[in-house]
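Here's the structure, in structure tokens; my notes come after.
The values are calculated or read from the model by the stated rules, or taken from the named source; none is laboratory data. All of these numbers come straight from a predicted model, not from anything done at the bench. In this analysis, Cβ positions are derived from the backbone assuming ideal geometry, glycine residues included, and neighbour counts consider all displayed protein chains.
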Amino acid sequence: MTPRNIAAIGLTLVSLGLLWPGLTEPVLSISASITLLGKTREVFRQTQSIVESVQNLHRAGNTFVAGLILFFSITVPVIKAALLIAIFAAKQVTTRRRLHTVVNSVSKWAMADVFVVGVFIAFLAAKATDNLDAVTGRGFYFFVAYCLVSNLSFQLLEVPGERTA
């Protein structure tokens with residue numbers, strides 16, 4: 001096994017370690033306040049993780065949106081990590097190449113990056129108004145780290161017979 005593949009295995013395991021808190025820790029807290037008679041009062045506060053967001057959207061009848069978040073932010077990353085591990089475990093070169101092609105295809109559907117950008121845009125939009133406040137939570141940073149480490153692990157992966165830069 002090449003040093004690049006050893007690094008890719010290590011980074012895949014690290015990315016899985018980052019994914020769990022990225023999904024379960026609070027991602028974003030949004031609060032709204034109003035000022036009446038010179039006193040500012042908070043009228044709304046909500047803090048959610050990705051998993052809580054999926055559950056709350058489903059309960060509220062937004063099953064399609066909940067399903068999209070579940071699929072792109074939870075299911076696809078888990079499938080991608082499982083396939084990366086399967087590439088390392090496969091004995092035959094042709095199996096490794098096929099799995100690598102599948103992971104490459106799955107990676108194109110990984111909307112994790114889009115999700116992170118969406119949260120960041122929501123954060124900036126809430127900061128732009130006087131009566132809304134947004135604070136990114138620990139889960140946001142874990143999820144961003146997962147995205148970066150997972151993508152790096154795939155970039156380092158060498159499959160026999162494949163040309164690397």
The range 137-150 residues that are within 9 Å of Glu25 (Cβ to Cβ), paired with ones that are of a type in the set (Phe, Trp, Tyr) (beta carbon under 9 Å, 6 or more apart): Phe140/Phe120; Phe140/Phe123; Phe142/Trp20; Phe143/Phe115
Any hit, the range 109-119, residues being modelled with pLDDT under 75 and touching a strand residue (DSSP E or B) at 6+ places or on another chain (Cβ under 9 Å): yes
Residues being crowded, with 16+ Cβ neighbours inside 10 Å and aliphatic (A, V, I, L, M) - total across the range 39-78: 9
Among (1) touching a residue at least 40 places away in the same chain (Cβ under 8 Å); (2) crowded, with 17+ Cβ neighbours inside 10 Å; (3) touching a Phe, Trp or Tyr at 6+ places or on another chain (Cβ under 8 Å) - the single one Arg96 does not satisfy: (3)
Members of the range 6-38 that are surrounded by fewer than 16 Cβ atoms within 10 Å (Cβ to Cβ) and either under 22 Å from Ala145 (Cβ atoms) or within 15 Å of the chain's Cα centre (by Cα) (or both): Ile6, Ala7, Gly10, Leu13, Gly17, Trp20, Thr24
Top-ranked residue in the range 22-71 [being among the aromatic types (Phe, Trp, Tyr) and part of a helix (DSSP H, G or I); ranked as modelled with the lowest pLDDT]: Phe71
